[in-house]
Amino acid sequence: MKNTKKKLVGAAAIGLGVLLLSGCTQNFCSPADKAEMLYPYEQGVTVYGSLEELNAYKATEAYTTLSVADKAVFDSLSGPAIAGNTNVYRYVPFVRQESGLIEYRAKKAAQVNSVLSSAFTSGYYLPSVQYWAGIDQKVLDLAIESAVADKGIAASAITLNTVSNGVWCVNPFQESDTDGVNATEIPLDLSEGAGNSLLRYYGGKKFLNFDQTSYLEDSTLIGWVKEFRASSEAGLGIDGCPNDDFVTLYRTNVLNNVANKKSCIATQQGVFGHYGASANWEVAIETKDWAYAWSKGLFEGLLVYPIAWLLDKISFGIDPGLSGGAQIVAIIIVAVIVRLILALVGLKGTISQQKMQALQPQIAKIQAKYPNANTNQAEKMRLSQETQSLYKRNGVSMFAPFLLLIVQFPVFICVWDAMNGASSLSTGAFLGLSLSDTIQSALFNVSGAWWTNAHGWWTALVLYILMAGSQFMSVLTPRLIQKRAQKNVAKMGRNPNEDQQAKTGKYMMYGMVIFTAIMGFFLPSAMGVYWFIGAIISMAQTLITQAVLAKQAKKRKGK
């Protein structure tokens with residue numbers, strides 16, 4: 001009967017945990033946010049350059065070795081990209097492999113090439129060069145239209161890659177992305193009146209609603225696909241455009257880039273993150289308010305948003321540039337605040353837990369009186385009665401620690417979700433480590449000279465060691481205190497019941513340490529910092545509580 005009750009309680013606890021977890025993992029990203037995130041990964045295949053760059057490319061082997069038919073396609077898609085503007089020319093560098101598969105040569109086309117390779121292997125019909133170039137032209141036209149409407153710019157004055165006050169360019173980079181060479185990034189500037197890159201600012205509109213279930217009806221890109229399918233232009237129509245199978249494959253591949261991106265809780269306007277294949281692209285994230293958070297769920301409004309808001313306010317208050325150090329300070333402050341609140345809310349449970357540890361010497365004496373409690377039912381009942389009586393006399397509640405866990409669990413999940421979602425933590429880096437990256441991803445990102453710590457791999461290693469070590473010590477500290485307290489207890493023979501409890505406690509301790517080490521490996525770095533600070537606070541809380549209880553015990557003995 002007791003085992004059945006334990007199983008029911010365990011099942012209820014697991015069910016509650018799953019319910020709380022599912023309720024606190026809502027994604028705050030809007031369709032516009034997701035669209036902004038997607039574009040850096042799939043910017044099309046068209047290169048925008050000067051007339052001189054176009055002519056220089058046509059003198060390379062990549063062009064001269066094309067077939068007559070492919071040269072005709074290339075030439076038909078090359079020329080001025082903007083009507084009445086001679087600053088910007090477009091062309092689509094590509095090569096046709098022996099298998100017939102076309103490979104696009106701009107580095108930004110890596111996503112398209114990956115999808116085409118997968119589709120080719122699966123035997124899907126592949127879209128034409130004209131299709132990809134047409135989509136890119138649609139993106140540019142929409143960007144120009146939006147900039148003209150929003151900023152009042154003149155299309156004829158748009159430059160290739162030069163910006164100044166009120167002057168806009170096309171390229172997201174300071175140099176053209178030709179022949180697989182990734183150029184230097186133009187810093188994104190959203191300040192009023194400043195010139196900027198059209199594609200960096202408006203390119204995300206290409207993927208608006210692309211991640212929604214109704215994308216076939218509402219997506220900007222799918223609307224263009226339908227338009228091109230009905231076109232009679234060369235290379236378009238049904239034969240030149242993707243079928244539904246290819247669209248599904250393409251959509252899945254593109255969305256995989258941001259499937260786990262949740263950094264969309266922005267409390268003020270700005271650009272955040274490090275998106276794209278080179279992780280060098282910040283994107284505009286829509287600001288979120290408390291009403292939006294409540295629309296996501298109870299815990300999102302009650303805990304997730306306020307924690308993310310606090311992280312944002314502290315980070316921006318210390319360093320508006322969000323260079324990384326301010327976010328570390330913000331995490332530390334939030335960790336202290338959250339742990340203090342939890343300490344106050346769970347004070348009764350914490351005291352009961354510490355009292356139970358302090359009473360272990362007396363419990364050991366009681367257990368020694370009943371050495372056959374494991375096999376003798378009468379001794380087992382008397383042992384239980386005396387233990388309960390001891391707890392009652394000392395004001396120990398057996399259920400208080402469990403109530404503390406029930407409070408801590410949703411708070412932990414919500415803190416985790418807030419740190420995943422806070423846009424401010426996705427920007428900047430501390431000693432090369434981006435706080436929104438998982439410890440695991442940073443540890444394995446050793447591209448370039450490993451000693452340069454370019455992507456913060458050794459910072460992640462140090463953080464992981466500190467986090468895992470502090471968690472181990474926070475779990476071990478109460479046991480060390482208990483062991484010290486039992487040092488002066490007379491040896492009264494081995495008690496099987498006592499031995500079993502000691503083994504169970506030891507296994508639980510090691511289990512928690514292993515769980516922490518494994519879980520911490522996949523945590524965002526920000527959560528690793530939070531967990532480290534939390535463990536330090538937990539150890540301090542244990543030592544202080546034990547000191548207070550010891551002092552109270554001495555007073556009682558002196559009376």
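Throughout, read-outs are computed from the coordinates displayed, never taken from laboratory work. Since the structure is predicted, the reported quantities are computational estimates derived from the model, not experimental observations. Cβ atoms come from the backbone with ideal geometry, glycine included; neighbour counts cover every protein chain shown.
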With a 10 Å radius around each residue's Cβ, average the other Cβ atoms per peptide and rank 326-333, 376-383, highest first. 326-333, 376-383
Below 8 Å between Cα atoms, with a sequence gap of 6+, how large is the relative contact order for the range 273-332 in percent? 18 percent
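Give me the mean projected area, in nm² to one decimal, of the convex hull enclosing the Cα positions of the range 32-256. Show your work: numbers first, answer last.
Numbers: hull surface 48.7 nm².
Result: 12.2 nm².
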Cross-link pairs K365/K551; K107/K205; K206/K296; K71/K261 - those with Cα-Cα distance over 30 Å: K71/K261
The answer for F94, listing residues at least 5 apart or on another chain whose modeled amide H is closer than 5 Å to its amide H, is R105
Arrange the peptides 120-132, 52-64 so that the one whose residues have, on average, the most other Cβ atoms within 10 Å appears first. 120-132, 52-64
